[in-house]
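J.: Quick one: structure below, then a few questions.
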There are 2 protein chains.
Amino acid sequence: MKKPLLFLLSFLLSVQFAHSQKKSIAVTSFDKIRLEVSLDADGVAGYSVQYKDRQVILPSKLGFELTGGINLSNNFELTGIDSTAVDETWKPVWGEWNKVRNHYKQLTVHLQNKKANAILLNIVFELFEDGVAFRYEFPLQPNLKYFIISRETTEFIMTGDHKTFWIPGDFDSNEYPYTTSSLSEVDAWKPTMLSFGVKTENIPDQYAVQTPLMMKTNDGLYINIHQAALVNYPAMELHVDRSTFSLSANLVPDARGNKAYLRSPAKTPWRTIIVSDRAENILSSTMILNLNEPSKITNTSWIKPMKFMGVWWEMQTNKGSWSYTNNPDSLSATGKLVPHGRHSANTANVKRYIDFASANGIKGLLVEGWNTGWEEWFGNWQGGHFDFVTPAPDFDVKEIERYSKLKGVQMIMHNETSADASTYDGQMDTAFRFMRKYGYNSVKTGYVGQIIPRGEHHDGQWMINHYIRAAEKAAQYKIMIDMHEPVCPTGLQRTYPNWLACEAGRGNEWNAFSDGNLPEHETIMPFTRMMGGPMDYTPGIFKLRNYARDAPARQVHTTLAKQLALYVTMYSPLQMAADLPENYAGHMDAFQFIKDVAVDWDDTKIIEAEPGDYITIARKEKGKNTWFVGAITDENSREASIPLNFLDKNKKYVAIIYRDADNADWKTNPEAYKIEKISVDASSTLKIKLAPGGGAAVSVKER
Amino acid sequence: MKKPLLFLLSFLLSVQFAHSQKKSIAVTSFDKIRLEVSLDADGVAGYSVQYKDRQVILPSKLGFELTGGINLSNNFELTGIDSTAVDETWKPVWGEWNKVRNHYKQLTVHLQNKKANAILLNIVFELFEDGVAFRYEFPLQPNLKYFIISRETTEFIMTGDHKTFWIPGDFDSNEYPYTTSSLSEVDAWKPTMLSFGVKTENIPDQYAVQTPLMMKTNDGLYINIHQAALVNYPAMELHVDRSTFSLSANLVPDARGNKAYLRSPAKTPWRTIIVSDRAENILSSTMILNLNEPSKITNTSWIKPMKFMGVWWEMQTNKGSWSYTNNPDSLSATGKLVPHGRHSANTANVKRYIDFASANGIKGLLVEGWNTGWEEWFGNWQGGHFDFVTPAPDFDVKEIERYSKLKGVQMIMHNETSADASTYDGQMDTAFRFMRKYGYNSVKTGYVGQIIPRGEHHDGQWMINHYIRAAEKAAQYKIMIDMHEPVCPTGLQRTYPNWLACEAGRGNEWNAFSDGNLPEHETIMPFTRMMGGPMDYTPGIFKLRNYARDAPARQVHTTLAKQLALYVTMYSPLQMAADLPENYAGHMDAFQFIKDVAVDWDDTKIIEAEPGDYITIARKEKGKNTWFVGAITDENSREASIPLNFLDKNKKYVAIIYRDADNADWKTNPEAYKIEKISVDASSTLKIKLAPGGGAAVSVKER
């Protein structure tokens, strides 16, 4: 509900020449946040942000350049200012909270260009308790209908050489390990200590980084810059000026080098600046969700968060294979493909997973490699590898449908596109009808490789729209979707709640086939990648050493207890129990936590957090008086302190603590854990020692 | 049926050093055609062609360059030669003949590269009575799987400065008027006497022309170069060396400048060289059809050639409009679009066409502008204009379905994509289901504008595959398809017989909205554009002056009688009666020919033809003993001489002759015609005077 602004905005419409000839045209505050909008003598629009009287964003430019030499980065004059305030509460279909307060003050600055055809441009700011967001709007106007953005000139000028958690500004991947450095040390071309092995490296700008970009100032301010409601526009990367600490928008181009093709009225995604002096507040921010449109899906009753297993980790670790044959060109004497015998997605093996999932209450089962085309799908930029409806010869679709229904397990479809999004556009109807026919109500999609249409990028405007088309078309068929290798999410799960999760980051799988993820990785992800939305991180690996067939020395960089904690700290409505049934079999006591843990929540408390160091989160299961707590640390041991003051007073609870054994260590003794059951109440504080690379998971149920 | 070659091939495998160090590796003849294949001292493969001992193609190079510096244009050695001969007859689903003889000798030259990874390349030649075709095959081989063609080095070196009928080598359009010049005068950047106004000019090479390229030598040899079975490969344009008369392959690139992404085993389209000393034999050639695969559609009973009318010419001439409103952004007080009142595709007007078509036995009715999105679909390179299922507010889909069925008229769907092929890929299922739901069994598609995916071209590999996807998906829904603005056809109507027709050339519509087509235009089209397949040329304009609302001086460059003749000379299984009902109303005696003329044939006789001057064709209606004759001329009057010796001996026929009135002239008196009914038999010869820009149409029925 929008209501007229009842309080006075402190507009400073009088001429105020500052040191840089800046004329302040609006100053407004909301809670701890103060925004100032300016126009300088050249008509360049700018803004700056303060938090509790501390500068967050120094005066920074706003604007665009359009093709055809249309310059919208200067020569603006103010034609008006509107403001309003909103305080509303809405209920997400699923989420970390069962209701979300959307409380902000909105300020719209109306500009007109004095030179470029009198083009009108509005800049809409929204001030939240935890930061500022702004977007550009090109209103309907006589002199601008169809136009092409060649550059967005938005800046975010930092006050100093902040500590930064960053990945390279790759047009096609977010699957990098995070580097922690000062802004002045950002170098997207510098190899890290970990192998990248990203399938499509495409980093033209040596000093560009992806958003969400997490920073921490020397005086303890946490700043997060990202984007919200990324629709019909390319993703924004940030170019880092290593001497001025200016971050400037770098839009991902199309094949022609253009950035966005728009028609007025048009609006850009929001640029979000979340700020706090407590790291916990960054993680509890709902700003990005609030900036997205409400659900476009009216009947959401078919959308159900779930846990799932997968015929998957065994291929990641090369125990088995996605493919059925070594040579699709060679047929047997009877005209059939010759199997190599290592195809994991065979009916018998799938049934083995169905049995385990059924016996342990895991609702879903993903099967990768079920279809033809896996022999040479990778790295060829060819397209047409997959048709999404043709099973491998040893995958019996009907029998698996029958057996999974008998066992009460929900099969999850897999559609790897090999980044041939154009073929997938044409095949989606066929693929989704196939799913409905055989009882699949969700799909994991994948975009590994260089995009087709060739010249497009994973993070460009065309693909941004493709992901949304996929979510919309899936919704038409009442299918939930989990996208791998898309752009980093921007809160669109509010608008398309069937879009349960994305990968778009360096998941647990990298521990299977590469040097993996550092112990600190999962303490950074919630502050970066996951600010945009849920991640299908695939936790739950129990066999942490000796799992990679071809690399016996390889190991996961966590303890087993930390793998459990990730179910709470890495929020997703879709959580995988990623390891093999046989690896769980010896640890069914620990697996109990995975069986118990919820995937949808009434409430979430960020108990303690520091990016790169540790995170402790408590969440309350939706519709139940049960809490789950996850605590993780980086390579350093620490003691997590968890006051249980979120519990109902005067009630008694049982806490089951899954913690690192006293001698556990991610490197030397990762699988040593201890399970303790204790009585607790709202006055209790759990003190749990986390091993190096360790963690703890706790379930707290009413007695 | 293939059978072992029973005759001896005159292989010259002995070393024969010619003046250019060429070693002839194979010489073979078939009927009047002689082919020589060679390897020179550098291992460059070449070929030359003779017709009746006259040189047609001088020794010309063959080969490729691949990305990654892989050179397949030299260093070849011969590893073997295979040959076979075929003489078979097949029945097309529809066509100019009810059966087609496929008679050729095949010679496959197996080459291996001595430097580039020992790559294997086969060149397959097929010698027909009327020419030579060849294609490249990359066999399955260990050292070449996925590869990218950066250049095809194929040459066609002409023997002299031939007279040539050409259009510019535009990556995105074939809709140019033809220029007749010598090869040495080809200049694709030189404006012609007629306005182009092509929507997407994209001619990077000043000396490139499209195929089919029609040539005539000084000594009267007719040579036509085109391509057949264009699948998974870009179209080939020909670069003209104006001094050496060498034509070399210019493949249409993708956004990255690459030409074709292939995987072995792979084969290119055929390069076709049709040659004769009679122009008529060029038009009667079935080589291109024969080089295509048989129908992939098993049940073809639903595929029916037809005549149709259209709510169309009135928009082309600006009597009405495709759009419903002037301003889609402005709604009325009741929230509705405000109509401008000129929308042609309104229910009442559509019914008027249904009534006329029904009363006159015209089977189909196309309605353009029936859907939303036409206000600003043109020239914006934006995509997403059309959703293919949302009718304009005044087009009542259900009522039109009801009324057309009542009246026995088959509605034809229109899907203009605004060249946003990627959106159409995603929407085709939805669009085709909509068609099936509302009783449409055919669709006219359109690709006006710059292609999306941006960077792709109408004639590039991605779009080539898109057109085939559209034809295949349409076939899945039992829908016939007529594509406008695709690549020039290459005989694929044999493989996809539901792909009835294409535009891909400068149709009659250019007379509506531009300076039009010269009187010679229709005498060139069958030798150029139409060598590849049927064209939806839209003949039948009766009101030849004063039809263009905004250009009263504009006129069609033919007489009325010539418009009738085009139904025979411009072969298509889909023929439009393109003018307005009210323009036919005053000439129903002439319209009788359009009512009578067939669209599917048992036999076709090219009676006389000279590109740029005249064409006379007789065709026998499928399943009936009825013939239709069309004779046209260019700007010069002439007397067509039509021996009726194709009629059954000893039978009597009635010929109805629709001819130019004696004082007719396309320029001064175009609508003057005369209808005569006479008795004829196989011994008769019709002598009919054609006015300047005129023609004649004759129906010959058994008495």
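The values are calculated or read from the model by the stated rules, or taken from the named source; none is laboratory data. Here the structure is a predicted model, which means the values were calculated and not measured. Virtual Cβ from ideal backbone geometry, glycine too; neighbours counted across all protein chains shown. Protein only, heavy atoms only, side chains kept; ligands, DNA and RNA dropped before computing areas. Shrake-Rupley method; radii C 1.70, N 1.55, O 1.52, S 1.80 Å.
J.: Would a scan of segment B:189-208 turn up a residue that is at pLDDT 95 or above and among the β-branched types (Val, Ile, Thr)?
T.: no
J.: On to the next question. Could you please tell me which pairs satisfy a Cβ distance under 6 Å, a separation of 6+ or placement on different chains, a first residue in segment A:319-348 that is farther than 17 Å from A:Val367 by Cβ and touching a residue at least 12 places away in the same chain (Cβ under 8 Å), and a second residue that is open to solvent by less than 60 Å² (accessible area, probe 1.4 Å) and among the hydrophobic types (A, V, I, L, M, F, W, C)?
T.: Within 6 Å, the pairs are A:Thr325/A:Leu337.
J.: A further question follows. Going through segment B:447-482 one residue at a time, which ones are of a type in the set (A, V, I, L, M, F, W, C), in a loop (DSSP other than H, G, I, E, B) and more than 11 Å from chain A (Cβ to nearest Cβ)?
T.: To start, the set of residues in segment B:447-482 that are of a type in the set (A, V, I, L, M, F, W, C) comprises B:448, B:451-452, B:462-464, B:468, B:470-471, B:474-475, B:479-481.
Next cut, in a loop (DSSP other than H, G, I, E, B) only: B:448, B:451, B:479.
Passing the criteria: B:Val448, B:Ile479.
J.: Within segment A:296-318, track down each residue that is part of a loop (DSSP other than H, G, I, E, B), of a type outside the set (Ser, Thr, Tyr) and either within 14 Å of chain B (Cβ to nearest Cβ) or surrounded by 16 or more Cβ atoms within 10 Å (Cβ to Cβ) (or both).
T.: At the first step, the residues of segment A:296-318 found to be part of a loop (DSSP other than H, G, I, E, B) are A:296-305, A:312, A:317-318.
Okay, now just the ones that are also of a type outside the set (Ser, Thr, Tyr), so A:296-297, A:299, A:302-305, A:312, A:318.
Result: A:Ile297, A:Ile303, A:Lys304, A:Pro305, A:Trp312.
J.: Same structure again: Do you know which of the residues in segment A:424-446 that are closer than 22 Å to B:Asn258 by Cβ and facing chain B (nearest Cβ under 8 Å) is nearest to the chain's Cα centre (by Cα)?
T.: Step one: filter segment A:424-446 for residues closer than 22 Å to B:Asn258 by Cβ, giving A:424-426.
Adding the requirement that they be facing chain B (nearest Cβ under 8 Å) leaves A:425-426.
Numbers: A:Asp425: 23, A:Gly426: 27 Å.
Out of the qualifying residues, it is A:Asp425.
J.: Picking from B:Pro573, B:Pro534, B:Pro526, B:Pro552, which residue would you name as being free of Cβ contacts under 8 Å to residues at least 40 places away in the same chain and out of contact with any His (no Cβ under 8 Å at 6 or more places or on another chain)? Show your work before the answer.
T.: Details: B:Pro573 fails: free of Cβ contacts under 8 Å to residues at least 40 places away in the same chain; B:Pro534 fails: free of Cβ contacts under 8 Å to residues at least 40 places away in the same chain; B:Pro526 fails: free of Cβ contacts under 8 Å to residues at least 40 places away in the same chain.
The unique qualifying residue is B:Pro552.
J.: Here is a list: A:Ser73, A:Ser60. Which entry is farther than 15 Å from A:Asn122 by Cα, in contact with a Gly (Cβ under 7 Å, 6 or more places away or on another chain) and at pLDDT 95 or above? Even if it seems obvious, please write down each step before you answer.
T.: Numbers: A:Ser73 fails: farther than 15 Å from A:Asn122 by Cα.
After ruling out the rest, the residue left standing is A:Ser60.
J.: If I filter segment A:199-222 for residues that are in a strand (DSSP E or B), of a type in the set (A, V, I, L, M), in contact (Cβ under 8 Å) with a residue 24 or more places away in the chain and farther than 23 Å from A:Val275 by Cα, do I get at least one hit? Full working, then the answer.
T.: Of the residues in segment A:199-222, the ones in a strand (DSSP E or B) are A:208-209, A:213-216, A:222.
Among the residues that remain, those that are also of a type in the set (A, V, I, L, M) are: A:208-209, A:213-215.
Narrowing the set further to residues that are in contact (Cβ under 8 Å) with a residue 24 or more places away in the chain leaves A:208-209, A:213-215.
Filter again for farther than 23 Å from A:Val275 by Cα, leaving none.
Looking through segment A:199-222, none of the residues is in a strand (DSSP E or B), of a type in the set (A, V, I, L, M), in contact (Cβ under 8 Å) with a residue 24 or more places away in the chain and farther than 23 Å from A:Val275 by Cα.
J.: Residues in segment B:100-107: is at least one away from every other protein chain (no Cβ under 14 Å) and open to solvent by 40 Å² or more (accessible area, probe 1.4 Å)? Spell out the reasoning first.
T.: Narrowing segment B:100-107 to residues away from every other protein chain (no Cβ under 14 Å): B:100-107.
Now drop any that are not open to solvent by 40 Å² or more (accessible area, probe 1.4 Å), which leaves B:101, B:103.
Scanning segment B:100-107, I find at least one residue that is away from every other protein chain (no Cβ under 14 Å) and open to solvent by 40 Å² or more (accessible area, probe 1.4 Å), so the answer is yes.
J.: Right, here's the next one. Just the residues that are on the phi < 0 side of the Ramachandran plot, not in a helix (DSSP H, G or I) and not acidic (Asp, Glu), please, taken from segment A:415-446.
T.: Pass one, segment A:415-446, residues on the phi < 0 side of the Ramachandran plot: A:415-417, A:420-438, A:440-446.
Narrowing further to those that are not in a helix (DSSP H, G or I): A:415-417, A:420, A:438, A:440-446.
Selection gives A:Asn415, A:Thr417, A:Tyr438, A:Tyr440, A:Asn441, A:Ser442, A:Val443, A:Lys444, A:Thr445, A:Gly446.
J.: So which of A:Val93, A:Val86 is within 30 Å of A:Lys620 (Cβ to Cβ), crowded, with 16+ Cβ neighbours inside 10 Å and of a type in the set (A, V, I, L, M)? Don't jump to the end; show me each part of the working.
T.: Numbers: A:Val86 fails: crowded, with 16+ Cβ neighbours inside 10 Å.
On inspection, the qualifying residue turns out to be A:Val93.
J.: What is the one condition in (1) farther than 17 Å from B:Glu155 by Cα; (2) in contact (Cβ under 8 Å) with a residue 24 or more places away in the chain; (3) of a type outside the set (A, V, I, L, M); (4) out of contact with any Gly (no Cβ under 8 Å at 6 or more places or on another chain) that B:Glu65 does not satisfy?
T.: Of everything listed in (1) farther than 17 Å from B:Glu155 by Cα; (2) in contact (Cβ under 8 Å) with a residue 24 or more places away in the chain; (3) of a type outside the set (A, V, I, L, M); (4) out of contact with any Gly (no Cβ under 8 Å at 6 or more places or on another chain), B:Glu65 misses just condition (1).
J.: Suppose the filter is on the phi > 0 side of the Ramachandran plot and surrounded by fewer than 19 Cβ atoms within 10 Å (Cβ to Cβ); does A:Lys32 pass it?
T.: For A:Lys32, the condition - on the phi > 0 side of the Ramachandran plot and surrounded by fewer than 19 Cβ atoms within 10 Å (Cβ to Cβ) - is not met.
J.: Can you name every residue in segment B:270-324 that is among the acidic types (Asp, Glu) and under 19 Å from B:Gly446 (Cα atoms)?
T.: Taking segment B:270-324 as the starting set, the residues that turn out to be among the acidic types (Asp, Glu) are B:277, B:280, B:293, B:314.
Residue satisfying the conditions is B:Glu314 alone.
J.: Being part of a loop (DSSP other than H, G, I, E, B) and under 29 Å from the mean Cα position of the chain (by Cα) narrows it down to one residue among B:Gly335, B:Gly341, B:Gly383; which is it?
T.: Values: B:Gly335 fails: under 29 Å from the mean Cα position of the chain (by Cα); B:Gly341 fails: under 29 Å from the mean Cα position of the chain (by Cα).
Testing whether each residue is part of a loop (DSSP other than H, G, I, E, B) and under 29 Å from the mean Cα position of the chain (by Cα) leaves just B:Gly383.
J.: Would you mind finding the one in A:Glu77, A:Glu152, A:Glu137 that is away from chain B (no Cβ under 14 Å), open to solvent by less than 50 Å² (accessible area, probe 1.4 Å) and in contact (Cβ under 8 Å) with a residue 24 or more places away in the chain?
T.: Working: A:Glu77 fails: open to solvent by less than 50 Å² (accessible area, probe 1.4 Å); A:Glu137 fails: open to solvent by less than 50 Å² (accessible area, probe 1.4 Å).
Going through A:Glu77, A:Glu152, A:Glu137 in turn, the sole match is A:Glu152.
J.: In segment B:94-126, which residues are of a type in the set (S, T, N, Q), assigned to a loop (DSSP other than H, G, I, E, B) and farther than 30 Å from B:Phe76 by Cα?
T.: Within segment B:94-126, the subset of a type in the set (S, T, N, Q) is B:98, B:102, B:106, B:108, B:112-113, B:117, B:122.
Checking which are assigned to a loop (DSSP other than H, G, I, E, B) leaves us with B:98, B:117.
The answer is B:Asn98, and nothing else.
J.: Here's another thing I want to ask about it. Of the residues in segment A:384-409, how many are open to solvent by 50 Å² or more (accessible area, probe 1.4 Å) and at pLDDT below 95?
T.: 2
J.: Still on this structure, please answer the following. Give the residues of segment A:374-383 that are more than 8 Å from every other protein chain (Cβ to nearest Cβ) and surrounded by fewer than 20 Cβ atoms within 10 Å (Cβ to Cβ), sorted by residue number.
T.: Kept after step one, since they are more than 8 Å from every other protein chain (Cβ to nearest Cβ), are these residues of segment A:374-383: A:374-375, A:377-379.
The answer is A:Glu375, A:Phe378, A:Gly379.
Okay, residues lined up against (1) buried (at least 21 other Cβ atoms within 10 Å of the Cβ); (2) of a type in the set (A, V, I, L, M, F, W, C); (3) in contact (Cβ under 8 Å) with a residue 60 or more places away in the chain; (4) farther than 28 Å from B:Trp94 by Cα:
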residue: B:Ile594; (1), (2), (3), (4): yes, yes, yes, no
residue: B:Asn636; (1), (2), (3), (4): no, no, no, yes
residue: B:Leu647; (1), (2), (3), (4): yes, yes, no, no
residue: B:Lys651; (1), (2), (3), (4): no, no, no, no
residue: B:Trp666; (1), (2), (3), (4): yes, yes, yes, yes
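J.: Still on this structure, I have one more. Being over 26 Å from the mean Cα position of the chain (by Cα) and small (Gly, Ala, Ser) is the filter here, so list the residues in segment A:613-648 that pass it.
T.: A:Ser637, A:Ser641
J.: From the list A:Ser29, A:Ser38, A:Ser60, which one is outside any loop (DSSP other than H, G, I, E, B), among the small types (Gly, Ala, Ser) and closer than 18 Å to A:Trp270 by Cα? Let's see the steps before the verdict.
T.: Details: A:Ser29 fails: closer than 18 Å to A:Trp270 by Cα; A:Ser38 fails: closer than 18 Å to A:Trp270 by Cα.
That would be A:Ser60, the only listed residue that is outside any loop (DSSP other than H, G, I, E, B), among the small types (Gly, Ala, Ser) and closer than 18 Å to A:Trp270 by Cα.
J.: Same structure, new question: Can you tell me which residue is farthest from A:Val56 (Cα to Cα) among those in segment A:117-134 that are of a type outside the set (A, V, I, L, M, F, W, C) and surrounded by 21 or more Cβ atoms within 10 Å (Cβ to Cβ)? Explain how you work it out, then say what you get.
T.: Within segment A:117-134, the first condition is being of a type outside the set (A, V, I, L, M, F, W, C), and the residues that meet it are A:117, A:122, A:126, A:129-131.
Imposing the further condition that a residue be surrounded by 21 or more Cβ atoms within 10 Å (Cβ to Cβ) reduces the set to A:126, A:130-131.
Details: A:Glu126: 16, A:Asp130: 12, A:Gly131: 10 Å.
The qualifying residue farthest from A:Val56 (Cα to Cα) is A:Glu126.
J.: Can you tell me which of (1) open to solvent by 10 Å² or more (accessible area, probe 1.4 Å); (2) at the interface with chain A (Cβ under 10 Å from one of its Cβ atoms); (3) of a type outside the set (Gly, Ala, Ser); (4) under 29 Å from B:Phe527 (Cα atoms) is the one B:Pro489 doesn't meet?
T.: (2)
J.: Which condition breaks for A:Leu66 when tested against (1) at positive phi; (2) open to solvent by less than 40 Å² (accessible area, probe 1.4 Å)?
T.: Against the list (1) at positive phi; (2) open to solvent by less than 40 Å² (accessible area, probe 1.4 Å), A:Leu66 comes up short only on (1).
J.: Given the structure, is A:Pro552 open to solvent by 10 Å² or more (accessible area, probe 1.4 Å) and closer than 18 Å to A:His226 by Cβ? Working first, answer last.
T.: On the way: open to solvent by 10 Å² or more (accessible area, probe 1.4 Å): yes; closer than 18 Å to A:His226 by Cβ: no.
Considered against the rule, which asks whether it is open to solvent by 10 Å² or more (accessible area, probe 1.4 Å) and closer than 18 Å to A:His226 by Cβ, A:Pro552 comes out as no.
J.: Give segment A:213-242 a look and list any residue that's closer than 19 Å to A:Val132 by Cα and basic (Lys, Arg), or say none.
T.: Within segment A:213-242, A:Lys216 is the sole residue that qualifies.
J.: Of all residues in segment B:240-272, which are outside any loop (DSSP other than H, G, I, E, B), within 14 Å of chain A (Cβ to nearest Cβ) and within 23 Å of the chain's Cα centre (by Cα)? Even if it seems obvious, please write down each step before you answer.
T.: Narrowing segment B:240-272 to residues outside any loop (DSSP other than H, G, I, E, B): B:240, B:246-251, B:260-263, B:266-267, B:270-272.
With the extra rule that they be within 14 Å of chain A (Cβ to nearest Cβ), the set shrinks to B:260-263, B:266.
Hit for segment B:240-272 is B:Ala260, nothing else.
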